[in-house]
Structure formats: structure tokens, C-alpha cells
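Have a look at the structure below, then the notes.
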Amino acid sequence: GTGPFGYYRLGANAGLNSPAFYQALSPEISTDNVATLTLLDFKASRDLMTLAGGPLGLSVGAEYRKETLDAPAPRYTDTGDIVGWPYYVYSGEQKVTSVFAEARAPLTTKLEIDGAVRVDKVKNSETSVTPKLGIKWRPWSQLVLRGTYAEGFRAPNEVEQGAGNTNAAALDLVGSGFLTVVRTIGNPDLKPEKSR
């Protein structure tokens, strides 16, 4: 056949094709992703008073976290000239501010209560309050019973939530002889995951 590189040689003469032909046929592709994490945190703890089972302990803290990700599309994949190479495209940041407190109260030598609360504020998402309550009871020295109730929280990450983000992959369906391109886009209205 003929084309921009002259004649294309097939079969036994394929070795006579120019390096530029093979570079155009199967170019090297790459992408440079840059991620950053900035984290500031503060923690303090002290005993407040003495209870029947020991000191009442209190811990408090705060945290600020900023994550950025810049992930441009690999060359040729964003125009559809190359398919079958999974990638994601994203540029943005996520900011999270948290405060928390925990108290440990040994009410007696046999009964201890541990309570905690955490408040997370994620930029462009709702504020979440997650509590935890734990009880430890030792009816006698050979037996300890524990129970805990806790709630969890996970905010959507920057890729899941960004409106301009794209995750793409091409799937070769077995026996079908063609590629199916799967594309997902971030949702800015995505709510946090919560658990109990």
C-alpha cells in the first residue's frame, strides 16, 4: 500500500519499512501527572480529674488537608486516535478541615466508657459529624466484654466529584472482534458515603 511514508511493505519485506513509519503506526505515549498533599495537624491530651477507676482523659485535635491532582490526557488518546489505553483526565483540588475530641472515662475499676466525635468539612460538600461510643466491662478478672458503636464518613475524592473529569478504558469483548469504550465522568453533586 501507499501513504505518507511511501510504500508499506508487508510480509517478508516488512523490515524495509522506515523507523518513521513504525513510529507513526505505534507512537510512544505517556503523561505526566502531578499530585500534591499539604497536611497540618494538631493534637493535645491531658488528664482532667480522677475517677473511681482512674484518670479521666481528654484528647482534642484539628487537621487541615489539601490535595491537588493534575492529570492531563495522554497524547492521541484525547482525540480518539489511540484507543485501548485506560486513562483519566483531571485537574483540581480538595480541601478538608477536621476537628475531633475523645474522652476516656474509667467510671469504676470494672467499667470504662470511651466517647469520641469528629467533624469534617469538605470543600464543596456537606459537613459531617461522626460519633463513636465504646464500653469496656470487666465483671471479673478473667473476663472482659467490649462493645462499640461508631459512624464513618468518606467524602468523594476530587476525581469522583469533578465535573470536568473523565475516566476512560477500552474493553476487548471476548469473541466480539471489536472494542467497547467505557467512559465515566465525575459528578459535582455526589454526596459523601456514610456508615454505621
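The values are calculated or read from the model by the stated rules, or taken from the named source; none is laboratory data. Treat the numbers as computed from the prediction; the structure is a model and nothing was measured. Glycine also receives a Cβ, built like all others from the backbone with ideal geometry; neighbour counts cover every protein chain displayed. Only protein heavy atoms, including side chains, enter the accessible area calculation; ligands, DNA and RNA are left aside. Shrake-Rupley method; radii C 1.70, N 1.55, O 1.52, S 1.80 Å.
Residue count for segment 1-38 satisfying the condition of being assigned to a strand (DSSP E or B) and modelled with pLDDT of 80 or more: 5. Pairs linking a residue in segment 184-195 that is at pLDDT 80 or above to a residue that is assigned to a strand (DSSP E or B) and surrounded by fewer than 11 Cβ atoms within 10 Å (Cβ to Cβ), with Cβ atoms under 7 Å and 6 or more positions apart or on different chains, do not occur. Across segment 39-96, which residue is modelled with the highest pLDDT among those that are open to solvent by 90 Å² or more (accessible area, probe 1.4 Å) and β-branched (Val, Ile, Thr)? By that ranking, first place goes to THR50.
Quick one: in segment 97-146, of everything that is among the aromatic types (Phe, Trp, Tyr) and surrounded by 14 or more Cβ atoms within 10 Å (Cβ to Cβ), which residue is nearest to LYS194 (Cα to Cα)? I'd like the intermediate steps shown before the answer.
Here is the first cut: in segment 97-146, the ones among the aromatic types (Phe, Trp, Tyr) are 100, 137, 140.
Next, from what is left, pick out any that are surrounded by 14 or more Cβ atoms within 10 Å (Cβ to Cβ): 100, 137.
Details: PHE100: 17, TRP137: 29 Å.
Selected residue: PHE100.
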